[in-house]
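Working notes, beginning with the structure itself.
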Amino acid sequence: MAMVVKDNNGQGFLEKIYIPEIIRGLLVTSRHFFKNLFNIKQVPTIYYPEERTEVKWGLSPRWRGRHRLTRKDDGMPRCTACMLCATACPSHCIYIEPTESADPAVEKYPAVFMIDELRCVFCGLCVEACPCDAIRMDSGIYSLTEYSRANFLYEKDVLMATERGYKD
Amino acid sequence: MILDALIILIKLALVLGMIMNLAGLLTWAERKQSALMQDRIGPNRANIFGFTFYGLLHPIADGIKLITKEDFIPARANKAIHSLAPAVAMFPALVTYAVIPFGDILRVGGREINLQVADLSVGIIFIFSIASLAIYGVMLGGWSSHNNYSLLGGLRAAAQMISYEIAMGLSIVGLLMIYGTVELDDLVRQQGYLIGGWLPQWGIVVQPAAFFLFLCAAIAENKRTPFDLPEGESEIIGYFLEYSGMRFGMFFLAEFADIVVASALLTTLFFGGWQIPFLMADGFHLPGGFSLALPHLLVVVLQVAAFGLKVVFFCWFLLLVRWTLPRFRYDQLMRLGWKYLFPLTLANIFITGLIVLALA
């Protein structure tokens, strides 16, 4: 076994009289201080509103941003209003009103598809539940800002207008 | 007569201006330095026409904010004492500075100007007697707020300050025994002498143990991390819980003024005050026989600059300590003060006394 048991819990005499350890700590912090004092550029801070992570480093493809609804070639939603996402949703934030489709090949489509983004926990279960790849969370939008709570009820037209947020 | 008064006023303005400006600057330095130490950037948003001056406008913005904020006094608080406490906390820090010499005697036009606001014969004793008044600001602030938590904070602070004042006062007794004086300008002048012709007789050289004990006690006296239990900004509630606006700001500034005073004291007692090694009244005299004559005015300016630099260095060092070490628990604080620092200072006095006797 490569396990070493230290019976003094890492507290030898030198550590117990504090002073060498205090000096060691001061050296660590002052090293950081001088390093950053002479070269502030290397600090990994991102100036948020002016600089953004997705621009600087790019988002991971697994990133779950705001939802979007994908479209068929004719511009209609791929969603067939099967209610699987609404059923899978743990926070019950998806509201769907199905209606009959004019296209004979398609049985039904959502007349209303509404997501309450304030209730959404961004777990991604709706995306996993969808059999038609109709709902995705790859918009890359993470900063949702509105002036009222009512505006956070995102409707079908907004969700469908959003494009894929980042390149592969 | 009028000229004498004028000179004293100028010295007063100089000293007060230095201490207040340095205290204000320290509020910026603390934020900027902590940021750099933690690989952050620190304050950089306040600006005038887009110029941020490395965040130097933040203290001004803070001042404006604090002054224009609502000045709240709790309904059942003792109004008079509640209003008085911040001033009482600020007062000792400013008065202590009066006896600290910031330069040698300046000779201008046949007149000898002592670069020290008040040349008191009791010097260091005056400093400790005034510094012990700082407890009142804290105690009154905690007690008059009519709030259990701020009262507890005030008690914590008072117990801590009294405990560490003993270690602080006793730690420099050895120093006074060696120099044989309590006058600060005399003390600094003696630190200019050389031991064996090359080593400046600074306090740190003759009393290294006292330096560490005094440093420790001074940080505890200032109520700074690792001894910041009285206020404990991040978790515990302190004595200024019921203060708002500029009254709170005064408690805050008093803390920074205390740092400046502690730095000035450390400089004066242990790092030769305004002394520059090998710089005599007429110029540099290096041990190798090399000497460089300098005009009197330049020497005095150099010495005042050296004092300022040393004070700024110690301010930096105290901030470094504050952002490096974690906080003590209260029993650990008391144990360190009474069981370690107090006996160590006594031992230091005893050993110093033996050495002084042996050398005499």
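Among what's in the stretch B:85-117 and is among the small types (Gly, Ala, Ser) and over 28 Å from residue B:157 (Cβ atoms), pick the residue that is surrounded by the most Cβ atoms within 10 Å (Cβ to Cβ). Write out each step before concluding.
Quick first cut of the stretch B:85-117, residues among the small types (Gly, Ala, Ser) only: B:85, B:87, B:89, B:93, B:98, B:103, B:109-110.
Checking which are over 28 Å from residue B:157 (Cβ atoms) leaves us with B:103, B:109-110.
Details: B:103: 23, B:109: 5, B:110: 5.
Ranking the qualifying residues of the stretch B:85-117, first place goes to B:103.
For residue A:26, state whether it is open to solvent by 80 Å² or more (accessible area, probe 1.4 Å), in a helix (DSSP H, G or I) and either under 30 Å from residue B:324 (Cα atoms) or in contact with a Lys or Arg (Cβ under 9 Å, 6 or more places away or on another chain) (or both). Quick ask: steps written out before the conclusion?
Details: open to solvent by 80 Å² or more (accessible area, probe 1.4 Å): no; in a helix (DSSP H, G or I): yes; either under 30 Å from residue B:324 (Cα atoms) or in contact with a Lys or Arg (Cβ under 9 Å, 6 or more places away or on another chain) (or both): yes.
Criteria not met by residue A:26.
Scan (1) part of a helix (DSSP H, G or I); (2) touching a residue at least 12 places away in the same chain (Cβ under 8 Å); (3) among the polar types (S, T, N, Q) for the single condition residue B:116 breaks and write down its number.
Condition (1) is where residue B:116 drops out.
What residue, among those in the stretch B:308-348 that are within 16 Å of residue B:270 (Cβ to Cβ) and either touching a Cys at 6+ places or on another chain (Cβ under 8 Å) or open to solvent by less than 40 Å² (accessible area, probe 1.4 Å) (or both), is nearest to the other protein chains (Cβ to nearest Cβ)?
So, considering only residues that are within 16 Å of residue B:270 (Cβ to Cβ) and either touching a Cys at 6+ places or on another chain (Cβ under 8 Å) or open to solvent by less than 40 Å² (accessible area, probe 1.4 Å) (or both), the one nearest to the other protein chains (Cβ to nearest Cβ) is B:321.
Mind checking which residues of the stretch A:33-46 are at the interface with chain B (Cβ under 8 Å from one of its Cβ atoms) and either open to solvent by 90 Å² or more (accessible area, probe 1.4 Å) or under 32 Å from the mean Cα position of the chain (by Cα) (or both)? Steps first, answer last, please.
To start, the set of residues in the stretch A:33-46 that are at the interface with chain B (Cβ under 8 Å from one of its Cβ atoms) comprises A:33, A:36-37, A:40, A:43-45.
Matches in the stretch A:33-46: A:36, A:40, A:43, A:44, A:45.
Are there any pairs with C-beta distances below 7 angstrom linking a residue in the stretch A:145-168 that is open to solvent by 40 Å² or more (accessible area, probe 1.4 Å) to a residue that is of a type in the set (Gly, Ala, Ser), with the two at least 6 apart or on different chains, and if so which?
Close Cβ pairs satisfying both conditions: A:165/A:65; A:165/A:139; A:165/A:140.
Given the options B:187, B:253, name the one that is out of contact with any Gly (no Cβ under 6 Å at 6 or more places or on another chain) and open to solvent by less than 10 Å² (accessible area, probe 1.4 Å).
Numbers: B:253 fails: open to solvent by less than 10 Å² (accessible area, probe 1.4 Å).
None of the other options fit; the residue is B:187.
Tell me which residues, restricted to the stretch A:12-23, are surrounded by 12 or more Cβ atoms within 10 Å (Cβ to Cβ), more than 10 Å from chain B (Cβ to nearest Cβ) and not in a helix (DSSP H, G or I).
Listed by number, the list is empty, since nothing qualifies.
With B:31, B:40, B:45 as the choices, which residue is over 25 Å from the mean Cα position of the chain (by Cα), within 14 Å of another protein chain (Cβ to nearest Cβ) and surrounded by 14 or more Cβ atoms within 10 Å (Cβ to Cβ)? If you could, list the steps in order and put the result at the bottom.
Details: B:31 fails: over 25 Å from the mean Cα position of the chain (by Cα); B:45 fails: surrounded by 14 or more Cβ atoms within 10 Å (Cβ to Cβ).
Checking each option against the conditions leaves just B:40.
In the stretch A:52-63, is there at least one residue being touching a residue at least 24 places away in the same chain (Cβ under 8 Å) and either open to solvent by 80 Å² or more (accessible area, probe 1.4 Å) or within 14 Å of another protein chain (Cβ to nearest Cβ) (or both)? Spell out how you get there, then give the answer.
Taking the stretch A:52-63 and keeping what is touching a residue at least 24 places away in the same chain (Cβ under 8 Å), we get A:54, A:58-59, A:61, A:63.
Checking the rest, the ones that are also either open to solvent by 80 Å² or more (accessible area, probe 1.4 Å) or within 14 Å of another protein chain (Cβ to nearest Cβ) (or both) come to A:61, A:63.
Yes, the stretch A:52-63 has at least one match.
Looking at this structure, is residue B:268 of a type in the set (Ser, Thr, Tyr) and either assigned to a loop (DSSP other than H, G, I, E, B) or closer than 19 Å to residue B:161 by Cβ (or both)?
Considered against the rule, which asks whether it is of a type in the set (Ser, Thr, Tyr) and either assigned to a loop (DSSP other than H, G, I, E, B) or closer than 19 Å to residue B:161 by Cβ (or both), residue B:268 comes out as no.
Any chance you could count how many residues in the stretch B:264-287 are crowded, with 17+ Cβ neighbours inside 10 Å and out of contact with any strand residue (DSSP E or B) (no Cβ under 9 Å at 6 or more places or on another chain)? Let's see the steps before the verdict.
Initial filter on the stretch B:264-287 (crowded, with 17+ Cβ neighbours inside 10 Å): B:264-276, B:278-279.
Subset that is out of contact with any strand residue (DSSP E or B) (no Cβ under 9 Å at 6 or more places or on another chain): B:264-271, B:273-274.
Going through the stretch B:264-287 one residue at a time, the tally reaches 10.
Residues to consider are B:162, B:127; find the one that is open to solvent by 20 Å² or more (accessible area, probe 1.4 Å), under 21 Å from the mean Cα position of the chain (by Cα) and either of a type in the set (Phe, Trp, Tyr) or within 22 Å of residue B:258 (Cβ to Cβ) (or both).
Details: B:127 fails: open to solvent by 20 Å² or more (accessible area, probe 1.4 Å).
Answer to the selection: B:162.
The values are calculated or read from the model by the stated rules, or taken from the named source; none is laboratory data. Given the structure is predicted, the values throughout are model-derived calculations rather than measurements. Counting neighbours? That spans all protein chains shown, and the Cβs are built from the backbone with ideal geometry, glycine included. Surface areas here come from the heavy atoms of the whole protein model, side chains and all, with no ligands, DNA or RNA. Shrake-Rupley method; radii C 1.70, N 1.55, O 1.52, S 1.80 Å.
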